[in-house]
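Heads up: the structure comes next, in structure tokens.
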Amino acid sequence: MACNPRNAFPGTVYSNADRRMDLYGENVEVDYRGYEVTVENFIRLLTDRWDEGVPAGKRLGTDEGSNILIYMTGHGGSEFLKFQDSEEISSWDLADAFSQMREKKRYNEMLFMIDTCQANTLYRQFYASGMIATGSSEEDESSYSHHADNDVGVAVIDRWTYYVLDFLETQVTGPTSEKTLGDLFDSYDIRKIHSNPGVRWDLFPGGEAAGRSRRVVDFFGNVQSVEVQGNRTETELWREDIAGLRGLIAEYEKRAEHQEMNQTKMYTATAAVGAKISTCDNSQTSRVKAMNIQDEIDWKRQVGGITVIGGLAAIWFLGPMFLS
């Protein structure tokens, strides 16, 4: 739309005829534009069915802790929405994609909003859990535009979207706003919208009561929840790491000592059995066996000693740097 040759203001998109806010401003990042916006790419984006070479900027990058907002608008009808006036996406297509996302743990909660003629039919086939869906019009109803920009020559925004945006601009005053989805949906005024908006709650855990209590900024504000693991400083964290290294060294020494004792006992028992079976061994052969056993034990002691010395050297070298 911003780069359409029919746009009298190239590179801009306005939601109001006064053109006071450019929705395509410098702080807006567009990942798909023009003929990249296809049904196939949209479904691949949702389900993450991409080749390995697709960059991160073209992926959704969500997980089981993510809240997702999907806001769609355009020309549509009963259980379908047009893409580029050349193809359509159906309610079943979306339902299957959202189900795959749920199976792959690609979202925690999802808010689906659709503004088109017969919009409420588009979420009719949804069955994935954790979703709230809302639309601008019932079956056999049109979704009307709000006003046109005479300089552009077309309507710039639909009525339902206009009043949703008005609520966000006037009621949701910041990223900590306590306005809920219940407040947003209660603001729908049929007399202003000229159609009957709908809301579907049954897929959301806890139903309508739980869904109405969700904050608007849980989906629109992009506020991330962060777990803070105490207020420890970097020095304290390094002390813990060094203490852990000392513990590992002590554990290794204990295991090496235990293994050495077991092997000594085993060799001693083997030598005793051999002495009972064979009476032909002379003292020189016994001395050779004893030397072999002692050499192996000495070698293992050396390896263990090198490991311990290396660990202590690391502690000696790093300790003054991070504990001072």
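Read-outs throughout are calculated quantities, based only on the coordinates presented, and are distinct from any laboratory measurement. Quantities reported herein were computed from a predicted structural model and do not represent experimental measurements. Reconstructed Cβ throughout: ideal geometry from the backbone, glycine too, with neighbour counts over all protein chains shown.
What you get for region 63-218, charging only the Cβ of Lys and Arg (+1) and of Asp and Glu (-1), is a dipole of about 460 debye around the Cα centre. Of the GluC sites (Glu not before Pro) in region 1-65, the ones in a loop by DSSP (not H, G, I, E or B) with at most 11 other beta carbons within 10 Å are 26, 29, 52, 64.
Which whole-number percent of Cα pairs in region 76-228 have a distance greater than 25 Å?
34 percent
Each of residue 144 and residue 54 was given a label point 7 Å from its Cα along the Cα-to-Cβ line. The distance between the two points is 4.0 nm.
Restricting to region 63-218, compute how many DSSP beta bridges are antiparallel as a %, nearest 5. Write out the running numbers ahead of the final one.
Working: 14 of 26 bridges.
Looking only at bridges with both residues in region 63-218, the antiparallel portion is about 55 percent.
Summary of packing: across the peptides 123-129, 75-81, the per-residue average of other C-beta atoms within 10 Å ranks them, highest first, as 75-81, 123-129. If you wrap the Cα atoms of region 1-147 in a convex hull and average its projected area over all directions, you get 9.9 nm².
Listed here are the pairs 105/179; 104/192; 82/104; which of them are more than 29 Å apart at the Cα? All intermediate terms of the calculation are to be shown ahead of the outcome.
Values: 105/179 27 Å; 104/192 40 Å; 82/104 27 Å.
Checking Cα-Cα distances, 104/192 exceed 29 Å.
Between residue 82 and residue 38, the simple label model (points 7 Å from Cα in the Cβ direction) yields a spacing of 1.9 nm.
Calculate the FRET efficiency for residue 66 and residue 165 from the Cβ-Cβ distance with a Förster distance of 35 Å, rounded to the nearest 0.05.
Details: r = 23 Å, r/R0 = 0.67.
E between residue 66 and residue 165, to the nearest 0.05, is 0.90.
Each label was represented as a point 7 Å from its Cα along the Cα-to-Cβ direction; for residue 75 and residue 238 these points are 6.6 nm apart. Go ahead and run the numbers for FRET between residue 90 and residue 191, Cβ-Cβ distance against an R0 of 41 Å, rounding to 0.05. Efficiency, from the Cβ-Cβ distance: 0.85.
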